[in-house]
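The values are calculated or read from the model by the stated rules, or taken from the named source; none is laboratory data. The shown structure was predicted, so the numbers you read here are calculated from the model rather than taken from an experiment. In this analysis, Cβ positions are derived from the backbone assuming ideal geometry, glycine residues included, and neighbour counts consider all displayed protein chains. Accessible surface areas use protein heavy atoms only, side chains included; no ligands, DNA or RNA. Shrake-Rupley method; radii C 1.70, N 1.55, O 1.52, S 1.80 Å.
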Amino acid sequence: MKNLYLKYLSQVDAEKLNRDTKALFDLEMGVTFSAYHAAAQKAYEILKETGIPNAEIITFPADGKTAYQDKITPMGWEATTGKLTILSGFGIERGFVAADFQKHPFHLIKGSSGTRPEGETVRIITDQQMLYGENPQDALVMVPPNSGTSFNPFITRALDLGVRGFITDYAMNAKDAPDGIQWCNAFTERNNWHVTADDRPFIAFCITPQTGEKLRYALARGPVTARIESDAKRMESTVDVVTAMVPGKRKEEFWIFAHLYEPLSNDNSSVVAAAIETARLLMAEGQQEFSLRLIFGLEYYGFAAYAATRGKYLGDEVIGGCDYDAMYLRKEWSIRFRCAAPASPFYGNYLGKILADDLRDVPGAPVVNFQNAFENMYDDDSFLTDSTVGIPTVWPIRTGKNFWHNSKQTFDYVQKEAHAKGTALNTAFVSGVINPQQEILKRVLPAALEQLAAEIPYAVGSAQEHLTCRYETLAQDLDDFKQVFPAEEIEKIKTVLKNTYDLLLPSLKNDIPHSTWRDYMEQIVPVRLETGFPFDLAKVPAEERFTLLGSTLYSPLAAVLSDMDGKRNLAEIIRRVEHETRKIISEPDIRKILSNIFQLSRWGYISLQNFKGLSKADILKALQDAGIRKGDHILLHSKLSVFGLIDGGAKTVIEAFRETVGEEGCFLLPAFNSPFIYIGGLNCNPGARPFDPADLKQIWTGNLPKTLLKEYPDAVRSAHISHSWCGIGKNAAEACKDHLRTDPPMGTRSPLEYILKKNGKIVHFGNEIGSTTFLHLLEDRLDLPGVEDTFCKIRKPNGYSECVVVPRNLPGDRDFYRGTKDTIRFFKAAQEKGLQIRETTLGNGVITVMDVRELYDIGYQLLSEDPYLLLMADKDNLSTKALIKAKEV
């Protein structure tokens, strides 16, 4: 491999690399779809001029709706103007231009909507001002500082509140380049990489950190107004993938991925140029064993689109791939050679190891660090390694200090000599794969044995199982060599590897990790139903889309999905992923992964085969065992996820409760919102919204009340704006009708009072006892610390909002919000007084039941004796001190 590198280094045309990079870079700086088409055409022309055969442009929809492998294509976008001019603000000269698309395209964020032709005058406010209740209607709001690029929930909230648009001054390299502008691919409400048809319109500007500092300084001292002008527009359009194929002796292809359409010299015009140079160098040597295909298009999305046109599983016609993105381009960088993930075997992984070893003693060569285990093994353009697609993809990615998506990444950022070295290195690897030489086999066995022995110190969980996972991965990559070398030669290597594995294994421990949820997962053997990773959830209605852990690619979820083979149970898959990545998955992430799998199964991405979860009959029996009877009136708190899968979901639970309480009973659920702008202090909850009863997404008390209100026409809801209750059953309407929108939430007209008079029950269906809202009724009755007026907002029909006072609301922290019946001070004392708390197991969860009257009588006595019992035990706790002082005033 060393000789290949040196050979190609001597043959690389560095001047051509420079010319091609410059030609593409100049076009891609436009950042519009017309610029994209021009860049694609130029890439096609360079391929033709270089003599690369079978070049073609394939056009795909850019309509924000069409999906390939669950990646929704972007909306087309065009703009020629986009300007942000400050009209007034402390310390800022009138007419100061903070952003101008014509001076630098990064100033107007792709996907922005335009303004009226004559422009618009707007206010600018900060995220904190919006949080604290300043009216954001038709204003530009500054994105929270240092928020990076992950502020989708903030965008959704701001748009819910009616903002006109956004300003961001974030830059990853702000300290190194305060005058640099971050390039933002798009602002979206979900985790999509691009604006889609479901995204609401807004305008967004990116300013330098330097300008942002000036603007934030002005906003801290008074109002700021600005003029915005833009002719930007979203539209249905098209986007191109450019491809070419150099035929080999065999029709099976090896793919080089180099994305277009990012306006940075090292990300990625220089990489497209390098891919073309690789093809030129290899063609000059004559016909290779395997065919070589170059693919240039949108990062991730374009490659998914092209792969989808080729079919579903592609492992039989594509032997592997190499992602050229973020390649070696500067002398101070090094390379992290990331193997293809284990779900798709690849002999190229061994070649990557040998290449890294060979270059150690080559003067001036890039330092290559070989990696066969790391987190997020399927991220970005490595995603086609997924077992449902089957294209094992390696990624020789640069490491070291660098700019990221910054205007400082100009053409001169790429160093000509380093560019040539990076191209030679990548070409050496590609050559080793598509024209394999049998002499390399003598290097393979030492590489395999070294990796096997080196794995032991990294073992997590069962060390035996961990080593077995590494052995199986090494063995399957060896088997992949059989498509190019005699099988008997490979079997000899495998025999030595197996013997070594057998010697190492007995000395290792076999401690299989267990937990409630790991053991639960042993029942589930999932099967993938769709090709490609679920990502944009195109099959799910926009209003029901959910968050995938780490957007799939940037979490263990991708590996979990890829390791689904229809044979392993989910607990085994979790452990396998931990061994592959050398990292234990946390229990919260295990819960999130399980939740995602259940959600994906609901929408047809995954089959759970014979696993159905809890049935209605299971729930009915548990409710009977818990002591719930016909005619009961219930305050029902719920957390369905703790039970595991419930067949039929929330509707099954509702039907089970309806059947259990019968025609004479009813049950009420909290349907609480966060409309606060002042609650014991200025609002700090980023989820706060002006109350809108039509917007069920505002309800934060679980899926059960949302489902009840959405799916059951006979369900009712009280009018209260922060602490409404909803319910169903004979007396539900009677319980809710007098609870007015600005009543004290726990006042005498509240549904809790009605259930008390009916001698009802409190049922915790899965959630902790700390969510016993009824205790706040006792605070209200006894006028305890922690009851005070709050200010809330209500959305008006015209989209604006009004501020109202809600008296005797419930700010601050409480001791009973966390813990169990045996650790919370109030419940410990109440049980000593005779309070009966009945618990019944259902699946992985617990149903907890208390009698309302008994809780009221015992609680009234306890709190009369100790008014601070519900507060935090530590009197120096800031929340407790504030509540006590407020009461004293």
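Per the conditions (1) under 19 Å from residue 321 (Cα atoms); (2) in contact with an Asp or Glu (Cβ under 7 Å, 6 or more places away or on another chain), the sole criterion not satisfied by residue 283 is (2). For residue 125, the conditions (1) open to solvent by 40 Å² or more (accessible area, probe 1.4 Å); (2) outside any helix (DSSP H, G or I); (3) at pLDDT 90 or above all hold with the exception of (1). Each residue in the range 359-371 was checked for being within 21 Å of residue 455 (Cα to Cα) and open to solvent by 20 Å² or more (accessible area, probe 1.4 Å), and 3 pass.
Contact map, the range 109-127: residues that are under 30 Å from residue 677 (Cα atoms) paired with residues that are among the basic types (Lys, Arg), Cβ distance under 8 Å, separation 6+ or inter-chain. Pairs shown: 113/233; 113/234; 120/164; 120/227; 121/227; 122/164; 122/227; 126/216. Of the residues making up the range 373-385, those that are polar (S, T, N, Q) and open to solvent by less than 10 Å² (accessible area, probe 1.4 Å) are 382, 385. Restrict the check to the range 81-94 and report whether at least one residue is in a helix (DSSP H, G or I), open to solvent by 20 Å² or more (accessible area, probe 1.4 Å) and either over 28 Å from residue 142 (Cβ atoms) or modelled with pLDDT of 95 or more (or both). Checked against the condition, which is being in a helix (DSSP H, G or I), open to solvent by 20 Å² or more (accessible area, probe 1.4 Å) and either over 28 Å from residue 142 (Cβ atoms) or modelled with pLDDT of 95 or more (or both), the range 81-94 yields no hits at all. Residues that are surrounded by fewer than 20 Cβ atoms within 10 Å (Cβ to Cβ) and of a type in the set (A, V, I, L, M, F, W, C) were ranked within the range 172-183; the one that is farthest from residue 151 (Cα to Cα) is 177.
Results for (1) hydrophobic (A, V, I, L, M, F, W, C); (2) modelled with pLDDT of 95 or more; (3) open to solvent by less than 40 Å² (accessible area, probe 1.4 Å), shown as yes or no for each residue.
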{"residue": "808", "(1), (2), (3)": "no, no, no"}
{"residue": "819", "(1), (2), (3)": "no, no, yes"}
{"residue": "846", "(1), (2), (3)": "yes, yes, no"}
{"residue": "865", "(1), (2), (3)": "no, yes, no"}
{"residue": "876", "(1), (2), (3)": "no, no, no"}
{"residue": "880", "(1), (2), (3)": "no, no, yes"}
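Looking across the range 526-546, just one residue is surrounded by 14 or more Cβ atoms within 10 Å (Cβ to Cβ) and at pLDDT below 95, and that is 545.
Can you give me the number of residues within the range 514-525 that are out of contact with any helix residue (DSSP H, G or I) (no Cβ under 6 Å at 6 or more places or on another chain) and either of a type in the set (A, V, I, L, M, F, W, C) or surrounded by 15 or more Cβ atoms within 10 Å (Cβ to Cβ) (or both)? Number satisfying all stated conditions: 3. Residues satisfying the criterion are absent from the range 568-583 (criterion: in a loop (DSSP other than H, G, I, E, B) and either hydrophobic (A, V, I, L, M, F, W, C) or open to solvent by less than 10 Å² (accessible area, probe 1.4 Å) (or both)). Scanning the range 386-419 for residues that are open to solvent by 10 Å² or more (accessible area, probe 1.4 Å), hydrophobic (A, V, I, L, M, F, W, C) and not in a strand (DSSP E or B) yields 403, 404, 411, 414. Residues of the range 671-684 that are in contact (Cβ under 8 Å) with a residue 60 or more places away in the chain and touching a strand residue (DSSP E or B) at 6+ places or on another chain (Cβ under 6 Å): 675, 676, 677, 678, 679, 683. For the range 583-620, a residue qualifies if it is more than 22 Å from residue 513 (Cα to Cα), of a type in the set (A, V, I, L, M, F, W, C) and touching a residue at least 40 places away in the same chain (Cβ under 8 Å), and the qualifying residues are 598, 600, 603, 606, 608, 611, 614, 619, 620. On the given criteria, is residue 668 aliphatic (A, V, I, L, M) and in contact with a Gly (Cβ under 6 Å, 6 or more places away or on another chain)? Considered against the rule, which asks whether it is aliphatic (A, V, I, L, M) and in contact with a Gly (Cβ under 6 Å, 6 or more places away or on another chain), residue 668 comes out as yes. Of all residues in the range 644-673, those that are open to solvent by less than 20 Å² (accessible area, probe 1.4 Å), assigned to a loop (DSSP other than H, G, I, E, B) and at negative phi total 2. Looking across the range 21-61, the residues that are in contact with an Asp or Glu (Cβ under 7 Å, 6 or more places away or on another chain), more than 20 Å from residue 324 (Cβ to Cβ) and of a type outside the set (S, T, N, Q) come down to 33, 35, 37.
Taking the criterion of being in a strand (DSSP E or B) and farther than 14 Å from residue 104 by Cβ, the residues of the range 163-188 that qualify are 165, 166, 167, 168. Please go through the range 58-70 and give me each residue that is open to solvent by 60 Å² or more (accessible area, probe 1.4 Å) and either more than 26 Å from the chain's Cα centre (by Cα) or of a type in the set (Phe, Trp, Tyr) (or both), ordered by number. The one that is open to solvent by 60 Å² or more (accessible area, probe 1.4 Å) and either more than 26 Å from the chain's Cα centre (by Cα) or of a type in the set (Phe, Trp, Tyr) (or both): 59.
The single condition among (1) modelled with pLDDT of 95 or more; (2) farther than 28 Å from residue 373 by Cβ that residue 612 does not satisfy is (1). Please work out if residue 735 is closer than 21 Å to residue 809 by Cα, touching a Leu at 6+ places or on another chain (Cβ under 7 Å), open to solvent by less than 20 Å² (accessible area, probe 1.4 Å) and of a type in the set (Gly, Ala, Ser). Criteria met by residue 735. From the list 273, 304, 326, the one residue that fits, being over 26 Å from residue 104 (Cα atoms) and either outside any strand (DSSP E or B) or among the acidic types (Asp, Glu) (or both), is 304.
State yes or no: is residue 53 modelled with pLDDT of 95 or more, in a loop (DSSP other than H, G, I, E, B), open to solvent by 30 Å² or more (accessible area, probe 1.4 Å) and not charged (D, E, K, R)? Yes. Taking the criterion of being polar (S, T, N, Q) and not in a loop (DSSP other than H, G, I, E, B), the residues of the range 550-566 that qualify are 551, 562. So is residue 476 more than 29 Å from residue 152 (Cβ to Cβ), open to solvent by 30 Å² or more (accessible area, probe 1.4 Å), modelled with pLDDT of 95 or more and in a loop (DSSP other than H, G, I, E, B) or not? Answer is no for this residue. Considering only the range 166-183, I want to know if a residue exists there that is closer than 25 Å to residue 679 by Cβ and touching a helix residue (DSSP H, G or I) at 6+ places or on another chain (Cβ under 8 Å). No, the range 166-183 contains no residue that is closer than 25 Å to residue 679 by Cβ and touching a helix residue (DSSP H, G or I) at 6+ places or on another chain (Cβ under 8 Å). Listed here are the strands (runs of 3 or more DSSP E) enclosed by the range 189-257 that have at least 3 residues being open to solvent by less than 50 Å² (accessible area, probe 1.4 Å): 203-206, 224-230, 237-246, 250-257.
Specify which of the listed residues (277, 289) is under 22 Å from residue 352 (Cβ atoms) and open to solvent by 10 Å² or more (accessible area, probe 1.4 Å). Result of the check over 277, 289: 289. Is there a residue being open to solvent by less than 10 Å² (accessible area, probe 1.4 Å), over 32 Å from the mean Cα position of the chain (by Cα), of a type outside the set (Gly, Ala, Ser) and under 30 Å from residue 182 (Cβ atoms) anywhere in the range 335-342? No, the range 335-342 contains no residue that is open to solvent by less than 10 Å² (accessible area, probe 1.4 Å), over 32 Å from the mean Cα position of the chain (by Cα), of a type outside the set (Gly, Ala, Ser) and under 30 Å from residue 182 (Cβ atoms).
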